[in-house]
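As C-alpha cells, the structure follows; a few thoughts come after it.
The values are calculated or read from the model by the stated rules, or taken from the named source; none is laboratory data. It should be emphasised that the depicted structure is a prediction, and the values quoted were computed from it without experimental measurement. Note: ideal-geometry Cβ built from the backbone for every residue, glycine included; neighbour counts use all protein chains shown.
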Amino acid sequence: MARTVWDSTVGKKTVMAVSGLVMLLYLVAHMIGNLKIFFGTEEFNHYAHWLRTVGEPFMHYEWTLWLIRVVLVVAVVAHAVSAYQLSRRDIRARPSKYVHKKRRASYATRTMRWGGVILGLFIVWHVLDLTTGTVHSGGFESGKPYQNVVDTFSTWYGNVIYLVAMLALGLHIRHGFWSAAQTLGAGSRTRDRALKTTANILALLLTIGFVAVPVGVMTGVVS
Amino acid sequence: MKLTLRVWRQQSADAEGAMSTYEVDGISQDMSFLEMLDTLNEELILKGEDPVAFDHDCREGICGACSLVINGDAHGPERTTTCQLHMRSFRDGDTIDIEPWRASAFPVVKDLVVDRSAFDRIIEAGGYITAPTGAAPEAHATPVPKPDADLAFEHAECIGCGACVAACPNGAAMLFTSAKVNHLNVLPQGAPERETRVLDMVGQMDAEGFGGCTLAGECATACPKGIPLVSITGMNKEWLRATRRAAKR
Ligand code: HEM
Ligand code: SF4
Ligand code: FES
C-alpha cells in the first residue's frame with residue numbers, strides 16, 4: 001500500500017495533505033504558546049520549561065518534546081520531498097507555454113511553490129536561531145527563551161525574515177488547508193464555503209498570532 | 001468583420017513550430033469560429049498555400065474533437081466548445097491568437113491538431129462497465145436513486161475534449177479522469193469494478209505523463225460541459241477508499 005501511495009500523483013498529494021495538516025496542528029499550538037510572552041519573563045520561561053517535562057513521570061525529561069520533534073521532521077521532509085517531486089512532474093507535463101499569456105489562479109495558489117521554499121528556509125533559520133542558537137544575534141542561553149526572543153527581534157533582519165515568512169505562511173495555509181480537504185476527499189459542494197472560510201480564518205489567526213510577537217518587541221511591549 | 005489571426009503552424013510532430021500571421025476579411029458575426037477558419041483555409045488553398053490543420057467533427061458541441069486555445073483560453077472566451085463559439089464574441093479589427101492544446105501527453109501532430117489518444121488509454125484502463133451485450137435491458141430492472149442518476153448524468157456530459165488538460169498549469173488530466181470515474185462509480189452498473197476502475201484509470205493517467213493536481217481550478221473554468229472542480233475531490237475519495245480496500249485484501 002505504501003508503494004501504491006508514493007508512486008501515484010494522487011497518493012503523493014495525500015502525503016502532502018496529511019503532513020501539511022500535522023504541521024498546521026503543531027503551528028496552532030506553537031502560536032498559542034508564543035503568546036505567553038505577553039505575560040512576562042517568568043510565565044514564558046516557565047512554559048518553555050514545562051514543554052520539556054510534559055508526560056512526566058511516564059515520560060522522561062524531554063522525551064515528549066523529542067517525540068514531537070521527530071514527528072515534525074518527518075512531516076517537513078515528507079512534505080518537501082513530495083512537493084519537489086510533484087512540482088518536477090508538473091513542469092515536465094507542461095513544457096511549452098502558451099504564446100498568449102493570461103493571469104490565472106489566485107495569488108495564494110500561484111505562490112504555493114515559492115512560498116513553500118521560503119517556509120522551508122525559514123524553518124532551518126528558525127531552528128538555528130532559537131533552538132540551537134547557532135545563528136543567534138545576542139548571547140544565546142538555553143533555558144532563557146524570553147531574552148533570546150527579544151534579542152532576535154531587536155535586529156532588523158530578524159524582524160524582516162520573520163515577517164516575510166509569516167506572510168508566506170498565511171498564504172500557504174489559505175490555499176493549503178482547503179486543498180488538503182479536497183485531496184483527502186472531504187470537500188463537497190455544500191461544504192465548500194465553510195472550508196474556504198475556515199482556511200481564511202486559520203491563515204489570518206496564525207499570521208496575526210505569530211506576527212504579534214515581533215511587533216510586541218518592536219513596540220517595546222515586550223522587552 | 002476584418003480580423004488578424006496569429007496561428008500556430010507546425011509542419012509535423014518533430015518540426016519546429018511558430019506563430020504565423022494572417023488577415024481575414026468578410027467574416028460574419030453569425031459564423032462559428034471554425035467557419036471563420038474554413039474561410040481562411042479556402043483563401044490559403046486558392047493561394048496555393050498549406051491550409052491550417054485543426055480538429056473538428058460534429059460541429060455541434062457533442063463529439064469533443066474541436067480543440068483550440070483562443071487568446072489563451074481553451075475553447076475561447078465563452079463556456080462552450082470551439083465549434084459552438086461564434087464570431088459575435090469578437091470585435092471587428094481584433095487580433096486573435098490561436099494555439100494547440102499544450103501538454104506533453106498531447107503531442108502536436110500538425111498545426112493545431114494534437115494527439116489525444118492518451119485519453120483513450122485512460123478509458124481502456126477502466127472507463128467502462130463489464131456487462132453482457134445484446135438487447136437493451138429493461139430500464140426499470142436496476143433502480144437508481146435520483147440523486148445518483150443526476151450525478152452520473154452530470155459527469156457523463158464530459159466529451160473528452162481535453163480542454164481541462166490544456167488549461168491546467170500542470171497539464172493534469174484529473175478533471176477528465178474524475179468525470180469518468182464519478183460517472184460510473186456512482187451507478188449500480190459500475191459497482192463491480194468500483195475499486196479497480198479508479199486505481200487503474202489514475203495509474204494510466206500517471207503513466208501517460210500528465211501532471212498532478214494543485215487545485216488551481218483552471219480545468220473547471222475551461223470545461224465546456226461544466227464538470228465541476230469538486231469532481232476531483234470525489235475521485236480522490238474513491239481512490240483513497242479503493243487503496244484502503246486493496247490493502248485489506
Ligand atoms: C518545507 C517547507 C514547505 C514546502 C517546500 C511546501 C510546499 C508545498 C507545495 C509545493 C504544496 C502544493 C501546492 C499546491 O498544491 O498548489 C503544498 C501544499 C500544502 N502545504 Fe506546504 N510547504 C512547506 C511547508 C508547509 C508548512 C509549514 C505547512 C503547515 C501549515 C504546510 C501546509 C500545507 C498544506 C496543508 C498543503 C495542502 C496539501 C494539499 O494540497 O493537499 N506546508 N506545500
Ligand atoms: S472534463 Fe470537460 S474539459 Fe475535460 S475532457 Fe471532459 S468535457 Fe473536456
Ligand atoms: S466539433 Fe464536435 S464538439 Fe466541437
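In this structure, residue A:8 does satisfy being polar (S, T, N, Q) and buried (at least 17 other Cβ atoms within 10 Å of the Cβ).
Away from chain A (no Cβ under 14 Å), modelled with pLDDT under 95 and touching a helix residue (DSSP H, G or I) at 6+ places or on another chain (Cβ under 8 Å): is that true of residue B:129 in this structure? Yes, satisfied.
For region B:107-117, the criterion of a residue being among the hydroxyl-bearing types (Ser, Thr, Tyr), closer than 21 Å to residue B:194 by Cα and surrounded by fewer than 16 Cβ atoms within 10 Å (Cβ to Cβ) is satisfied by no position. Among residues of region A:67-112 being touching a Ser or Thr at 6+ places or on another chain (Cβ under 6 Å) and either free of Cβ contacts under 8 Å to residues at least 24 places away in the same chain or closer than 17 Å to residue A:169 by Cα (or both), the one that is nearest to the other protein chains (Cβ to nearest Cβ) is A:93. If we scan region B:221-238, do we find a residue that is without any contact (Cβ under 8 Å) to a residue 60 or more places away in the chain, over 23 Å from residue B:75 (Cβ atoms), within 12 Å of another protein chain (Cβ to nearest Cβ) and of a type in the set (D, E, K, R)? The answer is yes; a qualifying residue exists. Within region B:145-164, if we keep just the residues that are near ligand 2 (Cβ under 10 Å from one of its atoms) and outside any helix (DSSP H, G or I), the residue that is surrounded by the fewest Cβ atoms within 10 Å (Cβ to Cβ) turns out to be B:157. Checked against the criterion of being more than 11 Å from chain A (Cβ to nearest Cβ) and among the polar types (S, T, N, Q), region B:90-109 contains not a single residue that satisfies it. Comparison of B:57, B:50, B:38 shows that the only residue that is surrounded by 11 or more Cβ atoms within 10 Å (Cβ to Cβ) and within 16 Å of ligand 2 (Cβ to nearest atom) is B:57. Kindly provide the set of residues from region A:61-100 that are of a type in the set (D, E, K, R) and either in contact with a helix residue (DSSP H, G or I) (Cβ under 8 Å, 6 or more places away or on another chain) or not in a helix (DSSP H, G or I) (or both), ordered by number. Those that are of a type in the set (D, E, K, R) and either in contact with a helix residue (DSSP H, G or I) (Cβ under 8 Å, 6 or more places away or on another chain) or not in a helix (DSSP H, G or I) (or both): A:62, A:89, A:94, A:97.
When residue B:209 is tested against (1) within 16 Å of ligand 1 (Cβ to nearest atom); (2) out of contact with any Phe, Trp or Tyr (no Cβ under 9 Å at 6 or more places or on another chain); (3) at the interface with another protein chain (Cβ under 9 Å from one of its Cβ atoms), only condition (1) is not met.
Residue by residue, here is whether (1) part of a helix (DSSP H, G or I); (2) outside the structural domain of residue B:120 (by TED's automatic domain parsing); (3) within 30 Å of residue B:156 (Cβ to Cβ); (4) at pLDDT 95 or above holds:
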| site | (1), (2), (3), (4) |
| --- | --- |
| B:28 | no, yes, no, yes |
| B:37 | yes, yes, yes, yes |
| B:41 | yes, yes, no, yes |
| B:52 | no, yes, no, yes |
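When the residues of region B:1-24 are filtered to those that are among the acidic types (Asp, Glu) and closer than 17 Å to residue B:98 by Cα, which remaining residue is surrounded by the most Cβ atoms within 10 Å (Cβ to Cβ)? Only one residue fits best here, namely B:23.
What is the residue count in region B:177-204 for residues that are out of contact with any His (no Cβ under 9 Å at 6 or more places or on another chain) and hydroxyl-bearing (Ser, Thr, Tyr)? Counting residues in region B:177-204 that are out of contact with any His (no Cβ under 9 Å at 6 or more places or on another chain) and hydroxyl-bearing (Ser, Thr, Tyr) gives 2. Whether a residue is more than 23 Å from residue A:49 (Cβ to Cβ), within 14 Å of chain B (Cβ to nearest Cβ), of a type in the set (A, V, I, L, M) and crowded, with 17+ Cβ neighbours inside 10 Å was assessed, and residue A:184 passes this test. Considering only region A:140-161, I want to know if a residue exists there that is at pLDDT 95 or above, more than 16 Å from ligand 3 (Cβ to nearest atom) and closer than 30 Å to residue A:9 by Cα. Within region A:140-161 (the criterion being at pLDDT 95 or above, more than 16 Å from ligand 3 (Cβ to nearest atom) and closer than 30 Å to residue A:9 by Cα), the answer is no, since none of the residues qualifies. Residues in region B:193-207 that are closer than 17 Å to residue A:92 by Cα and within 14 Å of ligand 2 (Cβ to nearest atom): B:205 only. Evaluated against (1) more than 16 Å from ligand 3 (Cβ to nearest atom); (2) more than 13 Å from the chain's Cα centre (by Cα), residue B:60 falls short on exactly one condition, (1). Need the failing condition index for residue B:175 against (1) at pLDDT 95 or above; (2) within 11 Å of chain A (Cβ to nearest Cβ); (3) surrounded by 22 or more Cβ atoms within 10 Å (Cβ to Cβ), just the number. Evaluating residue B:175 over (1) at pLDDT 95 or above; (2) within 11 Å of chain A (Cβ to nearest Cβ); (3) surrounded by 22 or more Cβ atoms within 10 Å (Cβ to Cβ) leaves (2) as the failure.
For region B:165-189, residues that are in a loop (DSSP other than H, G, I, E, B) and either at positive phi or of a type in the set (A, V, I, L, M) (or both) total 4. Of all residues in region A:153-170, at least one satisfies being touching a residue at least 60 places away in the same chain (Cβ under 8 Å) and either assigned to a helix (DSSP H, G or I) or crowded, with 16+ Cβ neighbours inside 10 Å (or both).
Give me a count of the residues in region B:178-192 that are away from ligand 2 (no atom under 11 Å from the Cβ) and either within 14 Å of chain A (Cβ to nearest Cβ) or among the hydrophobic types (A, V, I, L, M, F, W, C) (or both). So the count comes out to 6.
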